There are 2 protein chains.
Amino acid sequence: MTTTDKASTRDRLLDAAGELFYRDGVSIGVEALCRSAGVSKRSMYQLFTSKDEVLAASLERRAPEVAAQLTEGLRETATPRERILHIFERTERMSTDPDYLGCPFLAALVELKDPEHPASKVAGIAKQQLQDGFRAEAERGGAPDPEYLARQLMLVYDGASARAGARIETLDGLSTATAAALLDAAGVK
Amino acid sequence: MTTTDKASTRDRLLDAAGELFYRDGVSIGVEALCRSAGVSKRSMYQLFTSKDEVLAASLERRAPEVAAQLTEGLRETATPRERILHIFERTERMSTDPDYLGCPFLAALVELKDPEHPASKVAGIAKQQLQDGFRAEAERGGAPDPEYLARQLMLVYDGASARAGARIETLDGLSTATAAALLDAAGVK
């Protein structure tokens, strides 16, 4: 394969992997993955040493896109409080999509059940980035313990995305109002 | 098989299934399941029509035990607020077990990605029972909208158990304090 071919094969494989693992779970086999991507197993193993590595790379590729979705439509002049609540509003909006199955990073972590799995590490970093974003805004907003507030917000965020993704909750403002109550309690007006 | 043999085979199978599905995920195959339970595939199919049915029955069998764990040590004279917070305290305590992998019902829902799966239905009922318990206490505690408060508490509960189970959060009072902040906001003293 030329370098360009490799890049396009890699992209195709990771896009298909991202979609398939999200929709059907991390236990999807190499056969199904390659078939869906239109890539031979030989080509896959030229690019990655294992399926675990494909899974990790597909989550890594997805992270900037998910982050962009969460901040879409945010006004530049928004206050720290508005920036935090915007993330919850966006997630609630995304959760109304019939294909929504919760946060892809939390789902991977729950399914893999192994913090040492390469994909768990990637997913953990993505979750930590969101928490760091909450912490930075909490700090700007004057929270007395920004890290603690960020961890509280992550509980609500992950509970909301998991429950909405599993279709046992419809949110409809619930997670945003819950986050707002915690911001109120921490004095972030 | 005699009726007694059937009962004991069923129990053995469901106990092994509950443990295995929790530890390794719902994609575990029938071979591994029967091997672990020390039950032949023939015996399994005499009792259940499919692996899906075994999974559903194993979750159903586990529900009363999980509910009992959550209320263990609760004083009879506890106030509604104390009863709610006790559930969070107990979950935090359970989450320090090295084998803890989060709420088994939420994990099954996240992994199955199908609200119509028989095991998703069983898991959904178990989650609804916890929510109903929160609602009843919220009502007794004078919350203006007990159902809304119960849904908020479920976000925190499921976020906490998923994050602790995935080893991206250690809780240590966090979910209890977060629940307490929501009880404060709803005036449940």
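The values are calculated or read from the model by the stated rules, or taken from the named source; none is laboratory data. The model shown is predicted, which means the values in this text are computed figures rather than measured ones. Every residue, glycine as well, gets a Cβ built from its backbone with ideal geometry; the counts of neighbours run over all protein chains shown. For accessibility, only protein heavy atoms count, side chains too; no ligands or nucleic acids. Shrake-Rupley method; radii C 1.70, N 1.55, O 1.52, S 1.80 Å.
Data overview
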| read-out | value |
| --- | --- |
| Among (1) facing chain B (nearest Cβ under 9 Å); (2) open to solvent by 30 Å² or more (accessible area, probe 1.4 Å), the one test that residue A:140 misses | (1) |
| Unmet criterion (only one of (1) open to solvent by 30 Å² or more (accessible area, probe 1.4 Å); (2) more than 19 Å from the chain's Cα centre (by Cα); (3) not basic (Lys, Arg)) for residue B:65 | (2) |
| Criterion: modelled with pLDDT under 95 and on the phi > 0 side of the Ramachandran plot - qualifying residue of A:102, A:38, A:29 | A:38 |
| Residues (touching a Pro at 6+ places or on another chain (Cβ under 9 Å) and of a type outside the set (Asp, Glu)) located in region B:32-56 | B:50, B:55, B:56 |
| Any hit, region A:96-107, residues being open to solvent by 30 Å² or more (accessible area, probe 1.4 Å), out of contact with any strand residue (DSSP E or B) (no Cβ under 6 Å at 6 or more places or on another chain), within 9 Å of chain B (Cβ to nearest Cβ) and assigned to a loop (DSSP other than H, G, I, E, B) | yes |
| Residue, farthest from residue B:55 (Cα to Cα), within region B:1-22, restricted to residues that are in contact with a Leu (Cβ under 8 Å, 6 or more places away or on another chain) and free of Cβ contacts under 8 Å to residues at least 60 places away in the same chain | B:6 |
| Extreme residue, farthest from residue B:114 (Cα to Cα), among residues of region A:136-175 that are of a type in the set (Gly, Ala, Ser) and in contact with a Ser or Thr (Cβ under 9 Å, 6 or more places away or on another chain) | A:141 |
| Meets criteria (in a helix (DSSP H, G or I), assigned by TED's automatic domain parsing to the domain that holds residue B:108, charged (D, E, K, R) and open to solvent by 10 Å² or more (accessible area, probe 1.4 Å)) for residue B:147 | yes |
| Residue in region B:151-189 that is nearest to residue A:108 (Cα to Cα), counting only those that are more than 9 Å from chain A (Cβ to nearest Cβ) and touching a Gly at 6+ places or on another chain (Cβ under 8 Å) | B:164 |
| Matching residues, region A:69-89, being free of Cβ contacts under 8 Å to residues at least 60 places away in the same chain and either open to solvent by 40 Å² or more (accessible area, probe 1.4 Å) or not in a helix (DSSP H, G or I) (or both) | A:69, A:71, A:72, A:73, A:74, A:75, A:76, A:77, A:78, A:82, A:83 |
| Search result, residues across region B:109-122 that are part of a helix (DSSP H, G or I) and at the interface with another protein chain (Cβ under 9 Å from one of its Cβ atoms) | B:109, B:110, B:111, B:112, B:120 |
| Output for region A:41-62, where each listed residue is closer than 12 Å to residue A:6 by Cα and open to solvent by less than 70 Å² (accessible area, probe 1.4 Å) | A:43, A:44, A:47, A:48 |
| Residue A:134, sole failed condition from (1) within 14 Å of the chain's Cα centre (by Cα); (2) of a type in the set (A, V, I, L, M, F, W, C); (3) buried (at least 20 other Cβ atoms within 10 Å of the Cβ) | (1) |
| Residue that is in a loop (DSSP other than H, G, I, E, B) and more than 14 Å from chain B (Cβ to nearest Cβ), where the choices are A:54, A:39, A:66, A:26 | A:39 |
